[in-house]
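Values in this text are rule-based calculations from the coordinates and carry no lab data. Since the model is a prediction, treat every value here as computed from it, not as a measurement. Here the Cβ is made from the backbone with ideal geometry for all residues, glycine too, and neighbour counts use every protein chain on show.
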Amino acid sequence: MKKYRLNFLISVATLVLISVPVLAHHGNASYDNDHPIMIKGTVTEFAWSNPHVQIYLDVKDDKGKVVRWSVETLSPGKLVRAGWSKDSVKVADQVSITLIPAKSGAPVGFLHKLVLANGEELGLRELEN
Amino acid sequence: MRIRMMTIAWVALLAALLDSSVLIHAQMPSQQSSSASNNSSAPADPHDLSGMWEFFANIPGQGIYATPSKEHPPMTPWAKAKYDEAKPGYGPKAQGGGNDPILKCNPTGIPRILFFPQPFEIFQSPERVFMFFERDHAWRQIWTDGRTHPKDLEPTWMGDSIGKWDGDTFVVDTVGFNDKSWLDFYGDPHSEDMHLIERYKRVDRNTMSLQLVVEDPKAYTATWVGDIKSYKLLTGKKAYMEELFCIPEEEDAFTNRIRMPAAGQSPK
């Protein structure tokens with residue numbers, strides 16, 4: 001129990017740390033900056049286009065119902081500088097995404113971090129400072 | 001006519017240079033050495049601003065993102081009316097959806113394009129400094145041959161810029177703006193009378209600072225002195241700019257699929 005609690009605290013702390021630099025860039029008013037969440041699902045579309053690259057995925061909710069999530073990232077150029085390519089994510093990939101959800105409650109979010117099935121992580125940082 | 005031909009020739013030459021990274025490196029040794037080194041303490045020629053620069057909000061001492069400084073000076077009634085109409089996605093009036101002119105692919109304009117967290121490349125020729133922006137695939141020229149602003153300027157999105165060195169600071173003086181662009185992401189307006197001063201300084205090899213000063217008596221009752229923004233040199237593989245045009249179809253699709261549902265609105 002104690003270990004679980006520690007892990008939980010570490011997770012929360014990590015989310016907060018991840019969110020700070022991204023939020024400073026993109027204080028989009030539609031998203032709930034203070035409450036990042038993680039979703040897991042199957043990619044249905046990876047739209048490598050401007051103004052911001054989008055990832056669409058099917059996510060099972062608590063009741064087993066499939067919900068189609070829409071995830072906003074950044075422009076293709078910014079993703080390339082952060083280590084992505086147009087082939088980084090493919091349809092049918094199993095991914096987990098940490099995002100800040102829309103305040104509206106719609107299944108839409110702004111990506112902080114994506115983890116592929118093989119454990120590879122993709123984020124939004126362009127500089128290693 | 002001759003001046004016009006010269007301008008066309010210059011633009012063609014620059015386009016050719018930008019198409020070939022080999023040529024760029026061959027012609028710009030200072031930039032090549034910048035790209036090869038990540039050592040920010042290594043000396044750099046303070047009068048050489050060439051390179052690809054990007055604003056990052058998460059570096060120590062960084063100025064505020066998206067606007068010259070935290071608060072704008074008092075507005076005139078003319079500016080207040082324009083500001084009241086603006087529905088920006090950022091700042092104190094931030095809201096989902098909105099009527100930001102760049103959502104319709106209007107040019108971003110100067111100075112707002114400088115606030116984007118997206119790179120621009122500086123290229124120095126003997127009589128001009130060029131800035132090539134990833135955003136909008138836009139470019140501007142800053143004359144450094146000692147000329148003054150022409151009289152009776154036709155208002156433009158980028159304005160007419162002249163620049164000179166004040167010690168180690170490159171000072172850019174721009175007039176001749178139209179009033180169609182927002183000054184920043186916050187929906188702050190500017191008029192055709194805006195007089196913009198940009199002060200660039202190469203702080204070290206990997207850092208360039210910028211301070212903006214906005215004089216626009218039709219819009220603001222006091223001079224707007226910006227905070228100090230820092231731009232980092234992109235090096236190695238990160239010295240990369242995509243072809244980023246604003247495409248109305250892509251903006252509309254993104255608005256329908258992401259912006260509107262995120263803001264709790266039904267797609268058009």
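May I ask for the distance between the Cα centers of region B:122-196 and region B:226-251, given as a whole number of Å?
18 Å
Count, for each residue of B:254-266, the Cβ atoms from other chains sitting within 10 Å of its Cβ, then give me the mean as a whole number.
The per-residue average across the peptide is 6.
For region B:33-176, report the % of Cα-Cα distances exceeding 25 Å.
Working: 4173 of 10296 pairs.
Of all Cα-Cα distances in region B:33-176, 41 percent exceed 25 Å.
Between rounded, prolate and oblate, where does region B:124-182 land on the alpha carbon gyration tensor, with a ≥ b ≥ c its root eigenvalues, rounded for a/c under 1.5, else prolate if a/b exceeds b/c? Mind dumping the intermediate values first?
Working: a/c = 1.96, a/b = 1.26, b/c = 1.55.
Verdict is oblate for region B:124-182.
Rounded, prolate or oblate, given the Cα gyration tensor of region B:104-252, with a/c below 1.5 counting as rounded? Before the final figure, lay out the partial values.
Numbers: a/c = 1.44, a/b = 1.05, b/c = 1.37.
Rounded, because the longest to shortest axis ratio a/c is under 1.5.
Counting only other chains, and only Cβ atoms inside 10 Å, what mean value do you get across the residues of B:240-250?
Numbers: counts 4, 3, 8, 3, 6, 1, 2, 3, 0, 1, 5.
Taking the mean over all residues of the peptide, I get 3.
Straight distance only, please: which lysines reach the Cα of B:K151 with their own Cα at less than 28 Å, same-chain residues fewer than 8 apart left out?
Correct list for B:K151: B:K82, B:K164, B:K180, B:K218.
When the distances between all Cα atoms of region B:42-117 are binned every 10 Å from zero, what whole-number percent does each bin get?
14, 37, 31, 13, 5
Please give the FRET efficiency for B:E249 paired with B:E71, using the beta carbon to beta carbon distance and R0 = 51 Å, rounded to the nearest 0.05.
Working: r = 37 Å, r/R0 = 0.73.
It comes to 0.85.
Sort B:90-101, A:92-103 for me by packing, meaning the mean count of neighbouring Cβ atoms within 10 Å per residue, highest on top. If you can, show how the numbers build up before the last one.
Working: B:90-101: 16.5, A:92-103: 19.2.
Answer by packing, highest mean first, reads A:92-103, B:90-101.
Using Cβ contacts closer than 10 Å as the measure, can you line up B:R259, A:R125, B:R128 from fewest to most?
Details: B:R259 25, A:R125 16, B:R128 19.
In order of increasing Cβ crowding within 10 Å: A:R125, B:R128, B:R259.
Distance in nm between label sites at B:H137 and A:K63, each 7 Å beyond Cα in the beta-carbon direction?
Here the answer is 4.8 nm between the modelled labels.
Give me a single rounded figure for B:91-103: the average over its residues of other chain Cβ atoms within 10 Å of their Cβ. Show your work: numbers first, answer last.
Values: counts 2, 0, 1, 4, 2, 7, 2, 2, 0, 0, 0, 1, 1.
Per residue, the average neighbour count from other chains is 2.
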